[in-house]
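The values are calculated or read from the model by the stated rules, or taken from the named source; none is laboratory data. Only a predicted model underlies this, so the values are computations on that prediction, with no experimental measurement involved. Virtual Cβ from ideal backbone geometry, glycine too; neighbours counted across all protein chains shown.
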Amino acid sequence: MRRSRSGYCDHTGAPYVATMEPLPLRLARCTIPGVLILGMACAHAPATSDLRHPPSTSGFDAEVQSGLTRVRETTRQYVSLDSAVAAGYAREVTQCYVDPHHGAMGYHHINRALVDAEVQVDQPEILLYERHRDGEYTLNGVEFIVPYRRWPRDSVPPTVMGQNLKQSDPLKIWYLHMWAWRENSAGLFADWNPAVQCLADSTALPVR
């Protein structure tokens, strides 16, 4: 048995031996350490996608600003990869695109049912995740794509939120990244994010 006189408690957390010490003080001696430990554990929780603060849209017009809001509203549920898989996005992705000078894109989890000639803000064809050594995933952004076979390469580019999609001849697609869940010092629509990393055993050279 543990003694409350020295600040110890029984298995219920209540004082075990009655003393002349006031009850509120004895309870505080038994319960406060547990509260402090819980607070410290929370303070050291690992960082995930920034659910509270959207990336900066400084310099962009209202169409981009509202588009970012819609993308985050649509993809908030996909912070959990399991939810994304349930919605049709791929679970197993082995390649993580990385550039030795500019950072990485991350793992591209595609929903092939959404790949067509249309680009819709609330239906991104690809979700960009970062995979960690413990197997956890962090959602960093989205990618909009249109295959050349659905939108010819020599045509005017498709657009989303007033932004032209870029060309990738090796992949034969039009594409545009949007870092909706991770701040990117290179820009909201940049290809690479210097803050994103790939695991060493699953990287691929850039092909874009």
* To do: Identify, from the list V64, V79, V98, the residue that is under 20 Å from P158 (Cα atoms) and either buried (at least 17 other Cβ atoms within 10 Å of the Cβ) or touching a Leu at 6+ places or on another chain (Cβ under 6 Å) (or both).
  => V64
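For region 190-204, what are the residues that are hydrophobic (A, V, I, L, M, F, W, C) and touching a Phe, Trp or Tyr at 6+ places or on another chain (Cβ under 8 Å)?
Of region 190-204, the ones hydrophobic (A, V, I, L, M, F, W, C) are 190, 192, 195-196, 198-200, 204.
Within region 190-204, A190, C198, A204 qualify.
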* What are the residue pairs meeting all of these: first residue in region 71-94, first residue among the charged types (D, E, K, R), second residue surrounded by fewer than 19 Cβ atoms within 10 Å (Cβ to Cβ), Cβ atoms under 8 Å, and 6 or more apart or on different chains? -> R72/P54; E73/D122; R76/L51; R91/V85
* Structure fact -> With criteria (1) out of contact with any strand residue (DSSP E or B) (no Cβ under 6 Å at 6 or more places or on another chain); (2) surrounded by 15 or more Cβ atoms within 10 Å (Cβ to Cβ); (3) over 22 Å from R76 (Cα atoms), I173 comes up short on (1)
* Asked: Does region 175-186 include one or more residues that are hydrophobic (A, V, I, L, M, F, W, C), over 18 Å from G59 (Cβ atoms) and in a strand (DSSP E or B)?
  -> no
* Asked: Do you know which of the residues in region 76-102 that are within 17 Å of Y175 (Cβ to Cβ) and not hydrophobic (A, V, I, L, M, F, W, C) is modelled with the highest pLDDT?
  -> Y89
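Would you confirm whether any residue within region 148-161 is aliphatic (A, V, I, L, M) and in contact with a strand residue (DSSP E or B) (Cβ under 6 Å, 6 or more places away or on another chain)? Talk me through it step by step, then tell me what you get.
From region 148-161, those aliphatic (A, V, I, L, M) are 156, 160-161; that's our starting set.
When the remaining residues are screened for being in contact with a strand residue (DSSP E or B) (Cβ under 6 Å, 6 or more places away or on another chain), the result is 160.
Yes: one or more hits.
State whether one or more residues within region 138-145 are closer than 23 Å to S66 by Cβ, surrounded by fewer than 17 Cβ atoms within 10 Å (Cβ to Cβ), touching a His at 6+ places or on another chain (Cβ under 9 Å) and of a type in the set (A, V, I, L, M).
Of region 138-145, the ones closer than 23 Å to S66 by Cβ are 139-145.
With surrounded by fewer than 17 Cβ atoms within 10 Å (Cβ to Cβ) added as a condition, the list becomes none.
Checked region 138-145: no residue is closer than 23 Å to S66 by Cβ, surrounded by fewer than 17 Cβ atoms within 10 Å (Cβ to Cβ), touching a His at 6+ places or on another chain (Cβ under 9 Å) and of a type in the set (A, V, I, L, M).
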* Identify all residues within region 176-206 that are among the aliphatic types (A, V, I, L, M) and loosely packed, with under 14 Cβ neighbours inside 10 Å; write none if there are none. => L199, A200, A204, L205
* Those residues of region 154-166 which are part of a loop (DSSP other than H, G, I, E, B) and loosely packed, with under 14 Cβ neighbours inside 10 Å, in sequence order -> D154, S155, V156, G162
